[in-house]
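Laboratory data are not the source of any read-out in this text; all were calculated from the coordinates shown. Everything numeric here is computed off the predicted structure, so don't read it as measured data. Note that each Cβ is placed from the backbone with ideal geometry, even for glycine, and that neighbours are counted across all protein chains shown.
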Amino acid sequence: MFREAETNRMILVRREGDYMDFCYRHPEREGVFYCQKDGTRMCEECACCHSPRIYCQFRTACIINMLTKEGELSSCAEKVKSKKSA
């Protein structure tokens, strides 16, 4: 993963031969984010911290947490609100 210079977005780079896992909710989508606490992979739509108020020993190194704080991923609460209003 690296940060794109022009847009400052995080970009996932796959190398040839890398193993690909799929989203636990959407088996047809690539699971580009991994939750160490839950042991699950998620697509960008599903990627959010599912239990942000519960202690997580991995949170300080969590890419999902970092991108949510930077505003590049929506929090679970925001995703639920947008689905209800749709």
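In percent, what relative contact order does region 18-81 have, based on Cα pairs under 8 Å that are 6 or more apart in sequence?
24
Enumerate the lysines that residue 37 could reach by cross-link, defined here as Cα to Cα under 19 Å, with residues fewer than 8 away along the same chain left out.
69
Simple spin-label model, 7 Å along Cα-to-Cβ: residue 29 to residue 61 in nm?
So the two model labels end up 2.6 nm from each other.
Describe numerically, in nm with one decimal, the distance between label points set 7 Å from Cα along Cα→Cβ at residue 54 and at residue 37.
It works out to 0.7 nm between the two label points.
Over 10 Å intervals from 0, what percent of Cα-Cα pairs in region 18-81 sits in each interval?
23, 55, 22, 1
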